[in-house]
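Asker: Please find one structure pasted underneath; my questions will follow.
The values are calculated or read from the model by the stated rules, or taken from the named source; none is laboratory data. Since the structure is predicted, the reported quantities are computational estimates derived from the model, not experimental observations. A quick note on method: Cβ atoms are made from the backbone with ideal geometry, for glycine too, and the neighbour counts reach across all protein chains shown.
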Amino acid sequence: MRHLPRLSNFPSTRSFFLSSMKRKQRAVSPGLQQHKKRTMAHVTGPTISLNAREEQLKGLLVDVAKFIDQNPTSSTVSGDHDEKVKAEPVVLRWAGGWVRDKLLGIESNDIDTAINCMTGEAFALRLKEFCETPANCERHSVGKDDVGSLHKIARNPDKSKHLETTTTRLFDLDVDFVNLRRETYTEDSRNPQMEFGTAEEDALRRDATVNALFYNLNTGEVEDFTGGLRDMEAKLIRTPLEPLQTFTDDPLRVLRLVRFASRLGFTIDKAAEDVMADPRVLDALKLKISRERVGVELEKMLKGKNACISLRFIDKLGLYHTIFTDPARQNMPSPDISHWVTAYECLETLEKNKTPGSIYELLVASDEARRYAWNLATLTPWAQLPDDPPLKGGKLAPPLATQAAREGFKAPNKLSDIVTAAHRHRPKILELKEIVCTGQPTMNERDRFGMTIREWDSRGGNWRLQVLYAVLVDVEVRSGAEGVAVEAVLAEWQKFLDHLVELDVLDAPSMKRLVDGKILAKELGVRPGKWMSAALDVATAWQLRNPGATDYAGAVEEVRKRKDELGIQGI
């Protein structure tokens, strides 16, 4: 990440001026009134260097705004949309994350366009109308594939979409259109009432000052109503309004601030940190936020480059038990997380120090596996709690770790299956590791190791991540709680994995069988039956004991010898 230059070194001169206080009075929230008492300074900051596509897009949008000003009504756009246009010139601003990232030297293909006096849908329809004139397209070099279809994203409060947005593809950029707005919250809901607002009101409703910057397309200036430029220079994540109000209005902002701080390498303002774990905020997080939305924020954290930093924030700020739980279960236990730090810091160390043949290199084989690995690292504290009693009929209850994942952050089925398998197979994983580390005679039984690995993989998938979970839990328990050196614990696991490499069983789940059920039944001269699955396992174990074999005759003979044990009749 490129460091943000000091403000005094930005290309344009800083200028400060008081924003107009003579605008018509609007009803504002108490927090907004407090903000107005603190400061009404509107800062124009550095200029932003646009790339060729952004310059082209800017020119097109500014001309569309002029076109609307000159033609306030349209013969092709329905009156329903024209009624949402306010009687003032159209001013366009690029908002939020795009501005932040450009100032940090990070290119972004996603641009949110805020409009002062009309809805995003109304503006997008006039944009489409403008581009239907060949002369306009020629002037802005708009090709037939440069303007995509318009898509209206409906309001969906549960997914943090509080206002309708219209999105399209322009010059290979993803562009959203939405009007400037202000929000009013009620005590029992994170879903605000929305109204047209000013740029300042729109800035104040945002989660962090660094996300509240605007790039004014009309003036070419960065506008700062909340101190975001100062906070970017200080690498600080701060809320535009008072933190307690910000988080109780929308407690999802707690997780969003954690995500932005970890992604950007910024610190979180102490005033915000002090209230993030306030019982009122945590209660609001459980009451107002859907667990799907919690999962979306967590996924964004864990798939980023700084996943470990996110978990450090969650740990430090006391957010663990609010995120990783089943909020609908009244008797959901709370695990001891006092040594959890050793697990996620261990994964960070393994990832940063991966080399050919290392623990991380052998167990984390893809970007998806990496994301799942970090999810597993969040759940290690649950491993030490006893399982729930069996369900009616004797079926095993889902492990608590699975419940915390599935209900706490709505983990997808694939991840939930891996969590369940990792928990249930951990004793067997530890058993095999002990066999290798103590040099027991059975350590060279290739069929034993290969068949066990195949079983792990068939019951939950991705056996390598199941082993990684066992590694992280072992580090948390033995290093965190018992004081054993992390290096000593990891040395044992490296020895175990090295032995699996030596046995050549890492790919046992994908090993192609020499004999299938059809061949086996034919060679034995019997009809298929219940015996088939166990017999195929016998044949596969024989193949693992004889890795160089290319003829299945030996495997068939092994099954024939054990026909009574397998219950095969008629041989």
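Asker: So Arg478 clears everything in (1) among the charged types (D, E, K, R); (2) more than 28 Å from Leu363 (Cβ to Cβ); (3) free of Cβ contacts under 8 Å to residues at least 12 places away in the same chain; (4) surrounded by 13 or more Cβ atoms within 10 Å (Cβ to Cβ) except one condition, right? Which one?
Answerer: Arg478 satisfies all of (1) among the charged types (D, E, K, R); (2) more than 28 Å from Leu363 (Cβ to Cβ); (3) free of Cβ contacts under 8 Å to residues at least 12 places away in the same chain; (4) surrounded by 13 or more Cβ atoms within 10 Å (Cβ to Cβ) except (2).
Asker: Follow-up question, since we're still on this one. In region 407-439, how many are touching a residue at least 60 places away in the same chain (Cβ under 8 Å), of a type in the set (Lys, Arg) and in a helix (DSSP H, G or I)?
Answerer: Of the residues in region 407-439, the ones touching a residue at least 60 places away in the same chain (Cβ under 8 Å) are 407-411, 432-433, 436.
Among the residues that remain, those that are also of a type in the set (Lys, Arg) are: 410, 433.
Checking the rest, the ones that are also in a helix (DSSP H, G or I) come to 433.
Residues that pass the stated criteria total 1.
Asker: Can I ask one more? When the residues of region 440-475 are narrowed to those that are not in a helix (DSSP H, G or I) and not small (Gly, Ala, Ser), which ends up surrounded by the most Cβ atoms within 10 Å (Cβ to Cβ)?
Answerer: For region 440-475, the residue satisfying everything is Asn462.
Asker: Please find, within region 216-244, the residue that is surrounded by the fewest Cβ atoms within 10 Å (Cβ to Cβ) out of those that are among the β-branched types (Val, Ile, Thr) and closer than 29 Å to Leu57 by Cα.
Answerer: Thr219
Asker: Which numbered condition in (1) under 24 Å from the mean Cα position of the chain (by Cα); (2) of a type in the set (S, T, N, Q); (3) modelled with pLDDT of 90 or more is the only one that Thr198 fails?
Answerer: Going through (1) under 24 Å from the mean Cα position of the chain (by Cα); (2) of a type in the set (S, T, N, Q); (3) modelled with pLDDT of 90 or more one by one, Thr198 breaks only (1).
Asker: Next up: Only helices (runs of 4 or more DSSP H) wholly contained in region 219-273 count here; list those with 3 or more residues that are under 15 Å from Leu319 (Cα atoms).
Answerer: Where helices (runs of 4 or more DSSP H) fall fully within region 219-273 and carry at least 3 residues being under 15 Å from Leu319 (Cα atoms), they are 252-264.
Asker: If we scan region 79-93, do we find a residue that is closer than 18 Å to Leu217 by Cα, part of a strand (DSSP E or B) and at pLDDT 90 or above? Reasoning before the result, please.
Answerer: First pass over region 79-93, keeping only residues closer than 18 Å to Leu217 by Cα: 88-93.
Subsequent filtering for residues that are part of a strand (DSSP E or B) retains 92-93.
Within this subset, residues satisfying the condition of being at pLDDT 90 or above are 92-93.
Among the residues of region 79-93, at least one is closer than 18 Å to Leu217 by Cα, part of a strand (DSSP E or B) and at pLDDT 90 or above, which makes the answer yes.
Asker: Which residues, taken from region 307-361, are buried (at least 19 other Cβ atoms within 10 Å of the Cβ), in contact with a Lys or Arg (Cβ under 9 Å, 6 or more places away or on another chain) and not in a helix (DSSP H, G or I)?
Answerer: Once the filter is applied, which keeps residues that are buried (at least 19 other Cβ atoms within 10 Å of the Cβ), in contact with a Lys or Arg (Cβ under 9 Å, 6 or more places away or on another chain) and not in a helix (DSSP H, G or I), region 307-361 yields only Thr325.
Asker: Output the qualifying pairs, or none if there are none: Cβ atoms under 7 angstrom, residues six or more apart or on different chains, first residue in region 221-237 and on the phi > 0 side of the Ramachandran plot and touching a residue at least 12 places away in the same chain (Cβ under 8 Å), second residue of a type outside the set (Phe, Trp, Tyr) and surrounded by 19 or more Cβ atoms within 10 Å (Cβ to Cβ).
Answerer: Gly227/Thr209
Asker: Output yes when any residue across region 487-500 is surrounded by fewer than 16 Cβ atoms within 10 Å (Cβ to Cβ) and assigned to a loop (DSSP other than H, G, I, E, B), and no when none is.
Answerer: no
Asker: Would you confirm whether or not region 282-294 contains a residue that is of a type outside the set (Asp, Glu) and more than 21 Å from the chain's Cα centre (by Cα)?
Answerer: Checking region 282-294: at least one residue is of a type outside the set (Asp, Glu) and more than 21 Å from the chain's Cα centre (by Cα).
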